[in-house]
Amino acid sequence: MTVSTSSLNRTTVTLQQLAESSNKHSLQQTLTAMIAASVPVQPPLAQILSTQTRRNQQDSIAAIPFHQFCLDSRQLKKNDVFVLLKSQALQSQTLHSQKSRDYLIQAANNAAFVFSEIDPIVLLTTADMNTSSLADDSQSVAQQQLIALPCPVLYVPNIRDFFGDLIQAHLQYQQPVTLPAVVAVTGTNGKTTISQLVAQLAQLMGMSSAVMGTAGNGTLGALVQASHTTGDALAVQQFLYQMGQENVDLLALEASSHGLDQQRLQGMPVSVAIYTNLSRDHLDYHADMAEYAAAKAKLFDKTHFPELTHAIINLDDEHAQIMLDMAHTSALTVWTYSLNPTKNATFVAATINPSLQGVEIAVRYNVRNNTGDVHLDSTGSNHDQTNTITVVSPLLGRFNVANLLAAIAATVALGTDIDHDIKRIAAVAPQLQGAVGRMQRVPSNEGCFIVDYAHTPDALQQVLASLKTHCDGQLWAVFGCGGDRDAGKRPLMAQAGLAGADQIILTADNPRTEDPNMILQDMQAGMSAEQYQRTHIEPARQKAIEYAVQQAAAADIVVIAGKGHETYQEINNVRYDFDDSVVLQNALQQAGRA
């Protein structure tokens, strides 16, 4: 359970007091930068305020007492500071302007003052008018409306560059706490597992730890489900502070591409950054894979995260060089990991012996200190036993070997005695637990049934490839695709399933506002006659799972993929209770296989 900051947040403070009390960096400089960046519009449009008026506005805003920052006008309380950010979801600029203008006007009635990322003159002018075509009289009316608002409004287009720091300074002003060290993980797949493995390893080695991400936020064993992989800047900073109140030593968090692109992690004291991989995902948000990769690379940019010391990068991924370049530009200590023993990686799985009970790995490492890059020789051979250690892990899947290597590297980076720490890690590794919904085996008296979050073609392919080597019978895959998301991924998901499994069952995932049958039609595009013979279509997810349980033989393996830890199914904007592991357990009991 986390500690509420509500009592602290009602304490009165001013921006000037925050500037004077901050020990992280000068908020006075930040305030100056805010005002300098707040010139409303450039020629040919007229300045809204004279230089002296803007100076007076700066002084008055700096001295206005307020309680807390707020991003949601509906939750704004009297004398809070409302921060109006640009919407990332709305496609229509007109709708964007109309809603943002409504938020601004609504908030102005209660706010002490407003920071707006959006030019307020544009908002207060007719929503469907282009900035370049604003008429002078429209500007004049908007200027009068702006001045007439019940509170000052400051245009700060770069608010995201320092908003996290400002929030944390506000919290620390009221009651100073020591913040946890932060390890951040980015990549398409593996974020949840690696962050939880890092937290578990740290805790098993004597550090109190917490996680923040897709599977929930909180200390280990007490996670609270979150709506986003990476919350907004306010939620992230408040959670970090709460963990400090609970004397947590380490916070391992997932850094989504959305969160990085929107600077939701600004001000987080990330010291170790991990990159897993990149495959097709979120192209409904990012324009292309290059933009997607660039968002991920921000995690290794010390201008964004000045407390960074170490970068842990998967050398087996084709996009790794982008991350390596950024990490080297930032002069970080760069450690790499690989499942290929011939690669020049810092941490290598020299041998992998898998079973359905887990895996035994010979981990070869070559790290002499925590101050620079140390790589293996080009052949990866002739290493003595002092650089190799056996690690036994209960996690299923070859990709979980890579996840474990990343977690080991990050945990070592947090320590001071490398050889000692690696030996301790090897000793506690058998106690590790996989993240809920990640290669999670559901007990059965015959057959093998797995629930996994794999919701991208690459993730599904890896899950199936890992299990295929253990399968004496047929490998089954039950999965679908989410609605209102990247439709181009749908046939790729089906082909990944067909390539890795003997039989596939296509069903609904989270259809959201789309017709599940239309999603399933998209998934079947390009299928051959032979592939259709290995495909069963069942839109109702519960029936699809029950069908798999009924059809699978004793030597078969069944994977229920796509939703993993989720405990709901979203249909037409309503979230219905639906947990794959629970539905699977019930189906196994009904079939007499539990």
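The values are calculated or read from the model by the stated rules, or taken from the named source; none is laboratory data. Keep in mind that this is a model prediction, so the values were computed, not measured. Please note: Cβ atoms are built from the backbone with ideal geometry, for glycine as well, and neighbour counts cover all protein chains shown. Side chains included, ligands, DNA and RNA excluded: accessible areas come from the protein's heavy atoms. Shrake-Rupley method; radii C 1.70, N 1.55, O 1.52, S 1.80 Å.
Observations, loosely collected:
- Restricting ALA295, ALA290, ALA327 to residues that are part of a helix (DSSP H, G or I), farther than 22 Å from ALA235 by Cβ and at pLDDT below 95 narrows the list to ALA290.
- Of all residue pairs spaced 6 or more apart or on separate chains, those with beta-carbon atoms under 8 Å, a first member in the range 279-303 that is more than 16 Å from ALA255 (Cβ to Cβ) and a second member that is modelled with pLDDT under 90 and among the basic types (Lys, Arg) are MET289/ARG280.
- Test: residue in the range 473-480 that is within 20 Å of the chain's Cα centre (by Cα), within 26 Å of ASP577 (Cβ to Cβ) and open to solvent by 10 Å² or more (accessible area, probe 1.4 Å): no
- The number of residues in the range 330-350 being open to solvent by 10 Å² or more (accessible area, probe 1.4 Å), outside any loop (DSSP other than H, G, I, E, B) and within 19 Å of VAL270 (Cα to Cα) comes to 1.
- Among the candidates ILE159, ILE194, the residue that is under 27 Å from LEU85 (Cα atoms) and in contact (Cβ under 8 Å) with a residue 24 or more places away in the chain is uniquely ILE159.
- Yes/no for ILE519 being under 28 Å from THR214 (Cβ atoms), modelled with pLDDT of 95 or more and out of contact with any Phe, Trp or Tyr (no Cβ under 9 Å at 6 or more places or on another chain): yes
- Residue ID - farthest from SER466 (Cα to Cα), chosen from residues in the range 503-540 that are touching a residue at least 60 places away in the same chain (Cβ under 8 Å) and open to solvent by 30 Å² or more (accessible area, probe 1.4 Å): THR513
- Cβ-Cβ under 7 Å pairs, at least 6 apart or on other chains, the range 408-437 side under 26 Å from VAL334 (Cα atoms), far side in a loop (DSSP other than H, G, I, E, B) and open to solvent by 40 Å² or more (accessible area, probe 1.4 Å): ALA413/ASN370; LEU432/PRO394
- The number of residues in the range 304-326 being free of Cβ contacts under 8 Å to residues at least 40 places away in the same chain, more than 18 Å from the chain's Cα centre (by Cα) and closer than 28 Å to THR456 by Cα comes to 6.
- Of the criteria (1) without any contact (Cβ under 8 Å) to a residue 40 or more places away in the chain; (2) among the small types (Gly, Ala, Ser); (3) in contact with a helix residue (DSSP H, G or I) (Cβ under 7 Å, 6 or more places away or on another chain), which one GLY500 fails: (1)
- Scope the range 51-86; condition open to solvent by 10 Å² or more (accessible area, probe 1.4 Å), modelled with pLDDT of 85 or more and among the acidic types (Asp, Glu); matching residues: ASP72
- LYS543, sole failed condition from (1) open to solvent by 70 Å² or more (accessible area, probe 1.4 Å); (2) in contact with a strand residue (DSSP E or B) (Cβ under 9 Å, 6 or more places away or on another chain); (3) not hydrophobic (A, V, I, L, M, F, W, C): (2)
- The condition (being among the polar types (S, T, N, Q) and closer than 26 Å to ALA311 by Cβ) is satisfied by just one residue among GLN225, GLN262, GLN242: GLN262.
- Scanning the range 218-257 for residues that are open to solvent by 10 Å² or more (accessible area, probe 1.4 Å) and either among the basic types (Lys, Arg) or in contact with a His (Cβ under 7 Å, 6 or more places away or on another chain) (or both) yields no hits at all.
- Of the helices (runs of 4 or more DSSP H) contained entirely in the range 149-251, those carrying at least 1 residues that are at pLDDT below 95 and more than 14 Å from the chain's Cα centre (by Cα) fall at 163-174.
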